[in-house]
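Enquirer: Got a structure for you, written out below as structure tokens; questions coming shortly.
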Amino acid sequence: MIQRILEEKLIQGLKTMPVTVILGPRQVGKTTLALELAKPAVDKPIHYLDLELDSDLAKLDDAEAYLRRFEHQLLVIDEVQRKPALFPVIRALVDLRKRAGERAGHFLLLGSASKELLQQSSESLAGRIRYLELHPFSALELHHEDPLGFKVDKLWFRGGFPDSYLADSEAETQDWRRDFIATYVEKDIPLFGPQVPATRMKRFWSMLAHYHGQQAVLTEIAKSLEVSHTTARTYLDILQDFLMVRQLQPWSGNTKKRLVKTPKVYLRDSGLLHSLLNISSFEQLMGHPAVGASWEGFVMENILNHLSPDWTASYYRSSNQAEIDLVLESGKEVWAVEIKKSSAPTISSGFHRASEDISATKKFIVYSGSDRFPMRGDLEVVGLVEFMNMIS
């Protein structure tokens, strides 16, 4: 269902906008999706460039001269973040085509970096560009495809990257995730960010995994790495820019309480988290001190990836430890969401105090079961898939 909605948006973008961008981490399936849908969506030839290939990258040394050769074609450019200077050229070519009467379907760009990072180079494309995001597999998507066979524990442990989730064996999925991490720190990140030694970035990423679901104490990490706090902050920003890390901002509404104002850090894919924590089996995960934080991050990512644009998300924590894992707000609706792994979840009094602080209109526990039932204190317990259906 989620995939179908994205496909419809992509086709609409190609038919109505000069430039459409699909964003998502590497190996999530952007190229496959783009090439499968582009041909039926546009009535014109398609030319594909992969900027991972040095031969294709070299063609853009004089980008304007090269790209002007493909008038009345859809240009699909993969890994576009490798050539940030391309965006002003694209703007000029779009305007030329529009003056010639060709209003849509000029460029389909694929990027493995955040919208914010790309926008540093693409402000000139305002009004000409539409962004879409392709995420790894979600619980809702897999449940919809196979409601009887879907096992949430498999997705949680392996993560949502297709090659990891669909691997034939536990050894294969673990090898794939280790190789993925190594490729990022040895090849991808050095291409786009400061020249960070691969071993240091791998250590930073692994140390950050131990702060998953918490406020990262960058001064401690920086001290262990023997770098400055500013450098550690740069490393965190790089991982966020490349869609590996999410920072959930604190709630900023009106209250007289003293609030924690530091973002919480989550590694976005649970499978990569488990690899960085050296958790090699589901049984080991269930006995690991990070099991609760891992489940929280897994649920959080599933929810936030498919949250309607009408909603904003944050977390709440006051100085007296009143806390809400996830605050969702839309208009007059304020939902307080607690995330629990237990099949018989309980809630602390701090959650109810925090719900009063933010004037929550609804209170939920999202847990690992599938039944839906009420609890005292106007609280409702609901499974992940059903909750995702509620907010998608």
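Quick note: the coordinates plus some simple rules give every number you see, no bench work behind them. Values in this document were obtained by computation on a predicted structure and should not be read as measured data. FYI the Cβ positions are ideal-geometry reconstructions off the backbone, even for glycines, and counts take in every protein chain you see.
Enquirer: Taking the Cβ-Cβ separation of residue 153 and residue 390 as r and a Förster radius of 25 Å, what is the calculated FRET efficiency to the nearest 0.05? Write down the numbers at each step before the final one.
Expert: Working: r = 22 Å, r/R0 = 0.88.
Rounded to the nearest 0.05, the efficiency is 0.70.
Enquirer: Right, next: Expected output is a single nm value to one decimal: the length gained when fully extending between residue 223 and residue 332, i.e. 0.36 nm times separation in residues minus the C-alpha distance. What is it? Mind dumping the intermediate values first?
Expert: Numbers: separation 109, 0.36 × 109 = 39.24 nm, distance 4.41 nm.
Answer, rounded to one decimal: 34.8 nm.
Enquirer: Here's something else I'd like to know. With charges set only on the Cβ (+1 for Lys and Arg, -1 for Asp and Glu), what does the dipole of segment 139-391 come to about its Cα centre, in debye to the nearest 20?
Expert: Working: 27 positive and 32 negative charges, 230 e Å.
Its charge dipole is roughly 1100 debye.
Enquirer: Also, I was wondering about something else. Run the quick spin-label model on residue 144 and residue 175: label points 7 Å from Cα toward the beta carbon, then report their separation in nm to one decimal.
Expert: Between residue 144 and residue 175, the simple spin-label model gives 3.4 nm.
Enquirer: Okay, next question. Given [x] 66, 48, 47; [y] 92, 59, 47; [z] 63, 42, 42, which label gives Cα extents along the principal axes in Å as computed from the coordinates?
Expert: Calculated Cα extents along the principal axes in Å: the matching label is [x].
Enquirer: As I understand it, the dipole of segment 239-392 uses +1 on the Cβ of Lys and Arg and -1 on the Cβ of Asp and Glu, about the Cα centre. Which of 276, 319, 244 lies farthest toward its positive end?
Expert: Looking along the dipole axis, the top candidate is 319.
Enquirer: What does the charge count around residue 73 come to, taking other residues whose C-beta lies under 13 Å from its C-beta (Lys +1, Arg +1, Asp -1, Glu -1)?
Expert: That sum, taken over residues with Cβ under 13 Å, equals +2.
Enquirer: Determine the dipole magnitude for segment 2-133: charges of +1 sit on the beta-carbon of Lys and Arg, -1 on that of Asp and Glu, nothing else is charged, the reference point is the Cα centre, and the result goes in debye to the nearest 20. List each step's numbers first, then the result.
Expert: Working: 20 positive and 19 negative charges, 103 e Å.
It comes to approximately 500 debye.
Enquirer: May I pose another question? Taking the Cα-to-Cβ direction at residue 237 and at residue 43 and moving 7 Å from each Cα, how far apart do the two end points lie in nm?
Expert: With each label placed 7 Å out from Cα toward Cβ, I get 4.7 nm.
Enquirer: Once the piece of chain linking residue 210 and residue 62 is laid out straight, how much longer is it, given 0.36 nm per residue of separation minus the C-alpha distance between them? Please list the in-between numbers first.
Expert: Details: separation 148, 0.36 × 148 = 53.28 nm, distance 4.55 nm.
Length gained between residue 210 and residue 62: 48.7 nm.
Enquirer: Give the shape of segment 205-291 as rounded, prolate or oblate, defined through the alpha-carbon gyration tensor: a ≥ b ≥ c are the square roots of its eigenvalues, a/c under 1.5 means rounded, and otherwise the shape is prolate if a/b is larger than b/c and oblate if not. Write out the running numbers ahead of the final one.
Expert: Details: a/c = 1.94, a/b = 1.31, b/c = 1.48.
In terms of gyration-tensor shape, oblate.
Enquirer: Let me ask you something else. Count of lysine pairs in segment 139-391 with Cα atoms under 15 Å apart, counting only pairs 8 or more residues apart in sequence or on different chains? Could the numbers behind the result be given before it?
Expert: Numbers: 151/341; 154/341; 187/202; 332/362; 332/363; 340/363.
Lysine pair count for segment 139-391: 6.
Enquirer: With all pairs of different alpha carbon atoms counted, what Kirkwood hydrodynamic radius in Å does segment 2-133 show? Working shown, then result.
Expert: Details: mean 1/r = 0.0685 Å⁻¹.
This gives a value of 14.6 Å.
Enquirer: Short version: what are the Cα gyration tensor semi-axes of segment 1-75, square root of 5 times each eigenvalue, largest first, in whole Å?
Expert: Values: eigenvalues 111, 55, 18 Å².
Ellipsoid semi-axes (Å, largest first): 24, 17, 9.
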